[in-house]
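This report concerns only the one structure given below.
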Amino acid sequence: MSLTVPYKKFPDPSGAGGFAYYAAIPVNIALPASNSPRSKRFEAIIDSGASNCIFHADIGRAIGLDIAKGAPLRTLGVAGPTSVYAHDISLHAPGGIIAVRAGFSADLPIAGLLGMKGFFDHFKISFDATALACTLERIYRT
Amino acid sequence: MPAAANDPRLEALRTAPLNSWVALSEDETKIVAVGATYDEVVKNSEMAGASDPILIKTPKDWASFSL
């Protein structure tokens, strides 16, 4: 199964036309137990520069996580190192549910990042700057 | 690069409050609710009758993302 998703425009005063393109898709997350209620759909950016999937702590709390009880995880961004808390969750993404150990942070400026571990390792992903679209092909491992 | 004109989603995000949560309509053309937190925007979007909104967290300032 493959899915082509047009890039989304986000305001960016420094960008041509006052915007920038990002590859972003709507996802839900839930606790790992089957039939756990999902979060509302939220938009997460597909980010090959992120080692892990990271979501805003508000969403984690909403699905029932005690954020601070997660395993502390140090991450390094452009602004320097920061701490997030890792929890096992279910990521509802194109092609079905993925079991992910994701980081949660109240300091994340956006709702979510889909990173290398937990997202890129479940898809073949191509970014097409001419078509302004991203194509996701799910990998199913036996 | 295409122009930003006639992009209701982009215009909606430009008018969205910063450092907040916004709920976009299913067709992503307009904001149906805002909130200071995820829980608040979910509650407000339900009160607005939005059945399946897309939630977006806005940053403190719009700028290039280097996360």
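What follows is calculated from the coordinates using simple rules that are stated; it is not laboratory data. Because the structure is a prediction, the values reported are computed rather than measured. Quick reminder, even Gly has a Cβ in these numbers, built from the backbone with ideal geometry, and neighbours come from all protein chains shown.
Using the rule -39500 (n - 2.57) for each DSSP H run of four or more residues, divided by the residues of chain B, the 222 nm mean residue ellipticity is -7500 deg cm²/dmol. For chain B, the gyration tensor built on C-alpha atoms gives an oblate shape. Its axis ratio a/c (a ≥ b ≥ c) is at least 1.5, and a/b is not larger than b/c.
Calculate the FRET efficiency for A:ARG38 and A:LYS117 from the Cβ-Cβ distance with a Förster distance of 22 Å, rounded to the nearest 0.05.
So, using R0 = 22 Å, E works out to roughly 0.55.
Springs between Cα atoms under 10 Å define the GNM used for chain B, and in it the highest mean-square fluctuation of B:THR29, B:THR37, B:THR15 occurs at B:THR15. The Rg/Rh ratio of chain A, with Rg taken over Cα atoms and Rh as the Kirkwood radius over Cα pairs, comes to 0.97. Comparing B:THR37, B:PRO59, A:GLY118 along the charge dipole axis of the protein assembly as shown, the residue lying farthest to the positive side is A:GLY118, per the Cβ-charge model. Here is how the number arises for chain A: DSSP H runs of 4 or more residues each give -39500 (n - 2.57), the sum is divided by the residue count, and the result at 222 nm is -1000 deg cm²/dmol.
Placing unit charges on each Cβ (+1 for Lys and Arg, -1 for Asp and Glu) gives the stretch A:1-110 a dipole about its Cα centre, and among A:PRO109, A:SER36, A:ALA20 the Cα reaching farthest toward its positive end belongs to A:SER36. Taken over the C-alpha atoms, the stretch A:15-86 has Rg and Dmax values of 14.6, 45 angstrom.
In this simple spin-label approximation, B:LYS60 and B:ALA36 carry label points 7 Å from Cα along the Cα→Cβ vector, and these lie 1.7 nm apart. A crude spin-label estimate for the pair B:ASP52 and A:ALA71, with each label 7 Å from Cα along the Cβ direction, gives 3.5 nm. Among A:CYS134, A:CYS53, a tally of other beta-carbon atoms within 10 Å of each Cβ gives an order, fewest to most, of A:CYS134, A:CYS53. As a rough footprinting exposure proxy, the listed residues A:ARG141, A:ARG41 were ranked by other beta carbons within 10 Å of their own, and the order from fewest upward is A:ARG141, A:ARG41. Here the calculated FRET efficiency for B:GLU26 and A:THR142, from their Cβ-Cβ distance with R0 = 41 Å, stands at 0.70, rounded to the nearest 0.05.
Using the Karplus relation 6.51 cos²θ - 1.76 cosθ + 1.60 with θ = phi - 60°, the per-residue 3J(HN,Hα) values for the stretch B:47-64 come to 5, 7, x, 7, 7, 9, x, 10, 8, 10, 8, 8, x, 5, 9, 6, 7, 4 Hz, with x marking Gly and Pro. At full extension, A:ARG61 and A:ALA16 could sit 12.5 nm farther apart than now, given 0.36 nm per residue minus the alpha carbon distance.
Taken about its Cα centre, the stretch A:64-132 carries a charge dipole of about 140 debye when Lys and Arg each add +1 at the Cβ and Asp and Glu each add -1 at the Cβ. The calculated FRET efficiency for the pair A:SER83 and A:ALA133, based on their C-beta separation and a Förster distance of 30 Å, comes to about 0.30.
Given +1 at the Cβ of Lys and Arg, -1 at the Cβ of Asp and Glu and no other charges, the dipole of the protein assembly as shown around its Cα centre is 400 debye to the nearest 20.
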